[in-house]
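Everything below concerns the one structure shown next.
The values are calculated or read from the model by the stated rules, or taken from the named source; none is laboratory data. Predicted model, so just to flag it, every value in this text is computed and none were measured. Ideal geometry is used to build each Cβ from the backbone, glycine not excepted, and the neighbour counts take in all protein chains shown. Only protein heavy atoms, including side chains, enter the accessible area calculation; ligands, DNA and RNA are left aside. Shrake-Rupley method; radii C 1.70, N 1.55, O 1.52, S 1.80 Å.
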Amino acid sequence: MRLDVYLAAYWPEYSRSRWQRYLAEERVTVNGRTETSPDYQLNEDDQVTVDLPKPPDFTGRSLPVIFKNESVVVINKPSGILTHAKGAPCDEFTVAEFVRLLTADTNGNRPGIVHRLDRGTSGVIICALNESAHKFLQRQFSQRKVKKNYLARLCRQPRLASARLELPIKRNPKRPQTFSVSAGGRPSVTEYKLLKSFADDSYLVRLTPLTGRTHQLRVHMAYIGSPICGDSLYGDAGCHHAKPPERMMLHASSLEITVPTKKGNQRMVFRTDTPPGFEA
């Protein structure tokens, strides 16, 4: 058996790619000798020893909190912060790791996470602080009972001032980290409205996703020829601006959802202002 396959099988809490990284860091020995090759072929009697790094201590780290009660926490996520890590253990501070600091009732790699924002996207994200709240919130997202609005700054003016985009999306087999509009994709619907134009020929729009596909807003706007400024995956390479923004100009500005409280379930709307410089 390949060494990396063996490690992933016997320590499944770590992904195979994570084990390949640990091998490169000389954290695995076979019969007392350091082994760095993932495709090293193990014999039945070989003894494998691992030296795992200590998980980072995020005590004292924080994120801006908009609202918190015994069931949920609503965060104003900064751009550049991951919602959750893809593999364990987490070696950077994420929304999920912040939630882990707030409650002992959640575990796994993504405690409390019921929806996500891309790393480059800022704004409102809600997380559960116990299992019952997690199921309650998750059900609303799956049944499309949550209303979300985003603000985005586009590199080019959309042909129409407002429109409803019904464009199915699927994973791009040539670039698996990306998605594309395809007739065989999952139904995806976005409404947009042009709000303002700027002197540098960029344009502020309100985006309302009626479905929740990965990268949906980014894919839809790039497909109609108006990619989001600062989006390196979907069309920003062709941006005509002399000085591209340092971040992706996409911000989750509001979230309407029903929240469990001590007084019963209450419909609430959470809003955030755009970050400094977003509309300047």
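Per-structure values
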quantity	calculated
Subset of region 45-74 [over 20 Å from GLN138 (Cα atoms) and of a type in the set (Lys, Arg)]	LYS54, ARG61
Filter pass, SER62 being at pLDDT below 95 and closer than 20 Å to PHE270 by Cα	yes
Qualifying positions in region 182-196 - under 18 Å from LEU250 (Cβ atoms), free of Cβ contacts under 8 Å to residues at least 60 places away in the same chain and not in a loop (DSSP other than H, G, I, E, B)	VAL189, THR190, GLU191, TYR192, LYS193, LEU194, LEU195
Residue in region 42-55 that is buried (at least 17 other Cβ atoms within 10 Å of the Cβ), at negative phi, touching a Pro at 6+ places or on another chain (Cβ under 7 Å) and part of a loop (DSSP other than H, G, I, E, B) present	no
Residues located in region 9-33, provided they are open to solvent by 70 Å² or more (accessible area, probe 1.4 Å), more than 23 Å from ASP91 (Cα to Cα) and not in a loop (DSSP other than H, G, I, E, B)	ARG33
Condition check for LEU101: of a type outside the set (Lys, Arg) and more than 30 Å from ASP231 (Cβ to Cβ)	yes
Residue in region 181-198 that is surrounded by the most Cβ atoms within 10 Å (Cβ to Cβ), counting only those that are of a type in the set (Gly, Ala, Ser) and within 25 Å of GLY123 (Cα to Cα)	SER188
Residues of region 148-180 that turn out to be charged (D, E, K, R) and surrounded by 15 or more Cβ atoms within 10 Å (Cβ to Cβ), as a count	5
